[in-house]
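Written below as structure tokens is the structure these notes are about.
The values are calculated or read from the model by the stated rules, or taken from the named source; none is laboratory data. Predicted model only: the values in this text are computed from it and were never measured. With ideal geometry, Cβ positions are generated from the backbone for all residues, glycine too; neighbour counts draw on all protein chains shown. Just so you know, the surface numbers come from the protein's heavy atoms only, side chains and all, with ligands and any DNA or RNA stripped out. Shrake-Rupley method; radii C 1.70, N 1.55, O 1.52, S 1.80 Å.
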Amino acid sequence: MNVNSIATDKRQLSRLGYALLLILALALPFLGFMDRSKMSVAVLAGIYVILGLSLNIIVGYAGLFQLGHAAFYGLGAYTTAILSINYGVPVLLSIPIAALIAGIAAIIISKPILHLRGDYLCIVTIAFGEIFRIAAVNNIFGITGGSNGLFGTARPEFLLPWIEPIPLITLIAILIVYAITVRKSPLNVQLLGGAAIALAYYLPPLITGQEPLFVLSIVMGLLGLLVASMTHNFSYREAGALWGIAVVFALIMLIGGGNLAGAIDQGVRDTFKVGDPIEGPMGMTFVPVAFKRDPIPYYYLVLIFIIITLVGMLRLQDSRLGRAWLYVREDELAAEATGIDTTRVKLAAFAIGSAWAGVAGTLYASRFTVVSPDSFDFLQSVIIFCIVVLGGSGSIPGILVGTLGMVVLPELLRDVAPTFLIEGIGPFAILALILAFYIHSRRQHLTKAALEAGAIALAFIAPTLLTAQPSLYLAGIVAALVGVWIASELNRRDINPIPWLWGGAVIYIALLTLAGQGLAQSLSDGIHNFRITDWRDGLMGAAMVLMMILRPAGLIPERRRGIVFSAVAEVGEGESVSTPQLA
Amino acid sequence: MEKFLQQLINGLTIGGFYALVALGYTMVYGVLKLINFAHGDMFMWGTLVGWALLAALVAPLAGMDLVAILITSVVVMGVIGAVGVTIERVAYRPLRKAGRLSPVISALGAAFVLEALARNATEARVKVYPQNLLENLPSIPLIGGVSLSGLQLLMLITCVLLMVGLYAFVQRTRIGTAMRAVSLDHDVSRLMGINVDQIITLVFFIGPALGGIGGVLVGLYYRSFDFTLGWIFGLKAFIAAILGGIGNIPGAVLGGFVLGIVETMATAYGGAGASAWKDAIAYILLIIILIARPTGILGETVAEKV
Amino acid sequence: MALLELQDIHTYYGHVHALKGISLQVEEGQIVALIGANGAGKTTTLRTISGLLRPRSGSIIFDGNPIHRMPAHRIVHLGLTHAPEGRQVFPTLTVQENLNMGAYTLGNDKEAIEENRRRVFKLFPRLEERKNQLGGTLSGGEQQMLSIGRALMSRPKLLMLDEPSLGLAPMLVKAIFETIREINRQGVTVLLVEQNARAALKLADYAYVLETGTIALEGPAGELLRDERVRKAYLGET
């Protein structure tokens, strides 16, 4: 197998991964465990994904420090809020304005400071972020509403063009895109697949006679399109798959289609505010549709923007500009020597990244309808920065993981009492996690590692077994972490840790068993009175330190693209012009 | 004129605090090229530990305020220094070779942990220093109605003594010279037989110890504090370090005093809205200086060695 | 027994296998030269010996002590110093302070430091004239003197010099090599890395030729100087 085909396989694989992720994302609101509050978290997370992706252009691609990203996010949010409240500009229309203002502000601000070295840039961006916040608090120009912020940003609204027969027009549009997608396949295969899409499209209203089911038709059409575009080579097999989907779908419609229609109709009326049709020019009719508080439409709006961002970023990565960023990041001097205007290139990264943060700001303002300085403070900048770096700077999957860790997890854990640490399988899961990390780090000496891990596990479990006090697991967690640390330190110094660990474990168990009653009581009190909101930032901070120590390059580091020319310099003696050889 | 002189004195006092905290930033930056974001919170912990100790010592040492403050300062220096050493060991040392981004995240994480601990230790309330400490120190009348309060004088003297002491240590002693050598080049320092890790540990003791004492002085001066003190004050002190030219000890002192005076003056003469914008002054000053002179007032003008 | 002995040393820079099994010996009292092209691994060898790099396998014995896992600063205490390539004096420390750093391992033993300083100033009178000047303001030759002088301040048993002639005028090169001989005469064993193979071989007692991380050839310096292959590849003769 040659290198090229491995690369395509990998690409194919990650394409499949993205496709599955997309399907999951599309279906998320309909999964059983998702309720309204979880959907709200999902919307928020989506906004942070966009923010992470936008900062990734600056930090990941161009390698510049930016710890004031929240200022541009806030700039976009304030722009939208002001335009909406004072001038009645619909929020979706304010997106380009918000992007423009954030982008221009970034150019003006960053131009004089781009030549600064990394750490200076870092502190100056923090300073700009703080100036923005202070300006907003002080109600600058009398338009920011001071520390309370601005209330009453409108929700997204749009005019849905209603051209009869709308289903047919949609189908034609889908088929045109389909034809472009599979244009390289034989004509009869194309026709076969197209027929399947068209059939599936018309099935629901045809079978049930219910017009609202055209919503499902559109979903089916898009699904067909997705299948067609995800495959590398559209052949009879794929066309057959489309037919299979169409048939299954027809069966579902036959059984339950009638009830669905009513549900869909009701659902649309619940989620959207649908106004009276407006007569437009040339006999067209427009239906005004506005969002309500329901998070689901926001979710899809944000999802659309994430997809746009992702596609745009992948394009950027492979463009001239993208390669220039890579060079600037790896070695600025060498990049300059090859004729890259480094200042312009860095400025472009700042402008594009900041403009896109402005777009995220618009989405924020329209979702929450309130903007206030607190939402764009330094902590937000740090969270966005961490989303990029924790996941692995420069890596797109890393940003998704980073958002899960920095936004979703804290939101979901908000009301969870940490009693799971001492109840049920909680403590064992934690022990397993710690040991797995440890054994992984010692995978070259598995037998020894198992013996060492055994001591740690015993120390973790035995006190509770002997005293029947589950709260002693808390002490066990600390003991296990200390044990792992001692073991790694001793290994580093070529001292066999096994006697130390087992000795330590015995002493620890004896101590806790004999004198653990009082400790157990206070630990138990502590854990039941623990309010996670008080410790949120602290836990986040501890996680940040821990993550960096364990995976300094992030969880899913970027696959290095291109040639890294600093590698030669690392060898120290440089490349030789001519290497003499003994004959 | 009187107002000006009075503000100058106030500015000098506050500048002294900035300078003390800035020294910690600049020393750590010197040896590790790392912005120690946790430094501001260590300073705040100095205020907190100082508050707790003074509250405990005021009654048994009634009438001996200076003794109480002296004991407090010494203990705070030890405790905060130890915290600094621990943070370096846990959060920074494993990342020495990990590139530029990871230590920044780790430093921010350490800062968050310290801040959350303080938030819970103070129950997120404003804490007040014992009220009548050093009240009977004489004021020193200067020209006109201007006077230098005994507290201010004491603080200025303390700051100046500590800074001169540090400068002498770094310039005159063998270990101090080694510290300067380490900040120039770790590998060459190793070849001299210098235990670089030990020097770094020492720096992470001295810097936070000075910051901790700064924390006690700030507590005594402003009388009250809360757990958010560390971030804002720390950031400004770091800006002071940059103003003077980071990595440079006299620079940090100069930057501290410049920032203290500019901030006080701008608030005093800036008109009605100025105090609301007080916190922004430092940032604006930073940006102006960096645009005009990217390496700070006393920074070397030569380009970085590539 | 040799003063310094390397056994099958393998060193990596990240994934680059820089030293592929180096074995060499330095006898007490000798000058041993390590010659080879750019990138052959000469500097890497010195950095591995002095502890700045850790070999992945193999052993290094200095004066009876295994030092291949010892941190760099402790190796200096055993009497092995290294004047690094490109001089690398501390630019913002004075000449005096640079020399004091060289004597760091002597602690506060003022007398010993003073005695060593006098010896160094005798070898390099120029340094005494400039003792209050900053290291970074010295000329290239003076910086080289300072670098060597600094490495002598702890009275080492073995002095490792990395490219002492690099970037110096021919007159100065000659003077520096003279001084190295003088240093050796005073009882300091020298391990010399040089690109200037001819000068190095003339000065040395024994020499090793390094090629892409392995020892390609070794022998008494005089023999190597006459060796056909060495003359062709390194002495520029046809």
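Within the stretch C:8-43, which residues are more than 10 Å from every other protein chain (Cβ to nearest Cβ), open to solvent by 10 Å² or more (accessible area, probe 1.4 Å) and not small (Gly, Ala, Ser)? Before you say what the answer is, go through the steps one by one.
Restricting attention to the stretch C:8-43, the residues satisfying the condition of being more than 10 Å from every other protein chain (Cβ to nearest Cβ) are C:8-12, C:17, C:19-35.
Going one step further and asking which of them are open to solvent by 10 Å² or more (accessible area, probe 1.4 Å), we end up with C:8, C:10, C:12, C:17, C:20-21, C:23, C:25, C:27-30.
C:Asp8, C:His10, C:Tyr12, C:His17, C:Lys20, C:Gln25, C:Glu27, C:Glu28, C:Gln30 - these are the residues of the stretch C:8-43 that are more than 10 Å from every other protein chain (Cβ to nearest Cβ), open to solvent by 10 Å² or more (accessible area, probe 1.4 Å) and not small (Gly, Ala, Ser).
Answer with yes or no whether C:Gly79 is open to solvent by 20 Å² or more (accessible area, probe 1.4 Å), within 25 Å of C:Val193 (Cβ to Cβ) and more than 10 Å from chain B (Cβ to nearest Cβ). No.
Annotation: of all residues in the stretch B:8-46 being open to solvent by 40 Å² or more (accessible area, probe 1.4 Å) and part of a helix (DSSP H, G or I), the one that is nearest to B:Ala268 (Cα to Cα) is B:Leu8. Got a sec? Which helices (runs of 4 or more DSSP H) wholly within the stretch A:362-479 have at least 1 residues that are away from chain B (no Cβ under 14 Å) and within 23 Å of A:Asp534 (Cβ to Cβ)? In the stretch A:362-479, A:409-412, A:426-441 are the helices (runs of 4 or more DSSP H) which contain 1 or more residues that are away from chain B (no Cβ under 14 Å) and within 23 Å of A:Asp534 (Cβ to Cβ).
When each of A:Ala179, A:Ala173, A:Ala127 is tested for being more than 30 Å from A:Pro288 (Cα to Cα), out of contact with any His (no Cβ under 9 Å at 6 or more places or on another chain), away from chain B (no Cβ under 14 Å) and at pLDDT 75 or above, the lone residue that passes is A:Ala179. What number goes with the only condition from (1) open to solvent by 30 Å² or more (accessible area, probe 1.4 Å); (2) of a type outside the set (Phe, Trp, Tyr); (3) touching a His at 6+ places or on another chain (Cβ under 7 Å) that B:Asp279 does not pass? Unmet condition: (3). Is one or more of the residues making up the stretch B:200-221 of a type outside the set (D, E, K, R), more than 19 Å from B:Thr86 (Cβ to Cβ) and touching a strand residue (DSSP E or B) at 6+ places or on another chain (Cβ under 8 Å)? Within the stretch B:200-221 (the criterion being of a type outside the set (D, E, K, R), more than 19 Å from B:Thr86 (Cβ to Cβ) and touching a strand residue (DSSP E or B) at 6+ places or on another chain (Cβ under 8 Å)), the answer is yes, since at least one residue qualifies.
Going by the conditions given, is B:Ala68 open to solvent by less than 30 Å² (accessible area, probe 1.4 Å) and within 11 Å of chain A (Cβ to nearest Cβ)? Steps first, please.
Details: open to solvent by less than 30 Å² (accessible area, probe 1.4 Å): yes; within 11 Å of chain A (Cβ to nearest Cβ): no.
No, not satisfied.
Residues of the stretch B:181-195 that are facing another protein chain (nearest Cβ under 7 Å) and either in contact (Cβ under 8 Å) with a residue 12 or more places away in the chain or not in a helix (DSSP H, G or I) (or both): B:Ala181, B:Asp185, B:Met192, B:Gly193, B:Ile194, B:Asn195.
Can you find a residue in the stretch C:91-98 that is outside any loop (DSSP other than H, G, I, E, B), within 25 Å of B:Val31 (Cα to Cα) and among the acidic types (Asp, Glu)?
Looking only at the stretch C:91-98, we keep the residues that are outside any loop (DSSP other than H, G, I, E, B), and these are C:94-98.
This time we only want the ones that are within 25 Å of B:Val31 (Cα to Cα), so: C:94-98.
Among the residues that remain, those that are also among the acidic types (Asp, Glu) are: C:97.
So far as the stretch C:91-98 goes, yes, one or more of its residues are outside any loop (DSSP other than H, G, I, E, B), within 25 Å of B:Val31 (Cα to Cα) and among the acidic types (Asp, Glu).
Taken as a whole, the condition of being surrounded by 15 or more Cβ atoms within 10 Å (Cβ to Cβ), part of a helix (DSSP H, G or I) and assigned by TED's automatic domain parsing to the domain that holds A:Gly353 applies to A:Ile97.
Is it true that some residue in the stretch C:177-187 is in contact with a strand residue (DSSP E or B) (Cβ under 9 Å, 6 or more places away or on another chain) and under 20 Å from C:Lys20 (Cβ atoms)? Checked against the condition, which is being in contact with a strand residue (DSSP E or B) (Cβ under 9 Å, 6 or more places away or on another chain) and under 20 Å from C:Lys20 (Cβ atoms), the stretch C:177-187 yields no hits at all.
The set of residues in the stretch C:37-69 that are of a type in the set (Lys, Arg), closer than 16 Å to C:Thr214 by Cβ and assigned to a loop (DSSP other than H, G, I, E, B) contains only C:Arg56.
Let's see how each residue does on (1) in contact (Cβ under 8 Å) with a residue 24 or more places away in the chain; (2) closer than 20 Å to A:Leu92 by Cα; (3) open to solvent by 50 Å² or more (accessible area, probe 1.4 Å); (4) among the acidic types (Asp, Glu):
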position	(1), (2), (3), (4)
A:Ala250	yes, no, no, no
A:Leu301	yes, yes, no, no
A:Ser319	no, no, no, no
A:Ala337	no, no, yes, no
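Name every residue in the stretch C:130-160 that is of a type in the set (Ser, Thr, Tyr) and open to solvent by 10 Å² or more (accessible area, probe 1.4 Å), in order of residue number. Those that are of a type in the set (Ser, Thr, Tyr) and open to solvent by 10 Å² or more (accessible area, probe 1.4 Å): C:Thr137, C:Ser139, C:Ser154. The set of residues in the stretch C:82-129 being open to solvent by 70 Å² or more (accessible area, probe 1.4 Å) and more than 8 Å from chain B (Cβ to nearest Cβ) consists of C:Asp109, C:Lys110, C:Glu111, C:Glu114, C:Glu115, C:Arg118, C:Lys122, C:Pro125, C:Arg126, C:Glu128, C:Glu129. Evaluation of B:Leu161 against the conditions (1) open to solvent by 50 Å² or more (accessible area, probe 1.4 Å); (2) farther than 30 Å from C:Pro91 by Cα shows that the sole unmet condition is (2). Taking (1) farther than 19 Å from B:Leu34 by Cα; (2) part of a helix (DSSP H, G or I) in turn, B:Gly144 satisfies each apart from (2). What about A:Thr170, is it touching a helix residue (DSSP H, G or I) at 6+ places or on another chain (Cβ under 7 Å), buried (at least 18 other Cβ atoms within 10 Å of the Cβ) and either of a type in the set (Ser, Thr, Tyr) or assigned to a loop (DSSP other than H, G, I, E, B) (or both)? No: the conditions fail for A:Thr170. Just one of the listed residues (A:Phe428, A:Phe368) is open to solvent by 50 Å² or more (accessible area, probe 1.4 Å), more than 29 Å from A:Gln317 (Cα to Cα) and more than 20 Å from the chain's Cα centre (by Cα), namely A:Phe428.
So which residues in the stretch C:1-36 are outside any strand (DSSP E or B), within 15 Å of C:Glu218 (Cβ to Cβ) and acidic (Asp, Glu), if there are any at all?
Selection gives C:Glu27 alone.
Considering the conditions (1) touching a Ser or Thr at 6+ places or on another chain (Cβ under 9 Å); (2) modelled with pLDDT of 75 or more; (3) not β-branched (Val, Ile, Thr), A:Leu260 is excluded by exactly one of them, (2). Taking the listed residues A:Ile104, A:Ile140, A:Ile85, the one that is modelled with pLDDT of 85 or more, open to solvent by 20 Å² or more (accessible area, probe 1.4 Å) and more than 18 Å from A:Ser381 (Cα to Cα) is A:Ile104, with no other qualifying.
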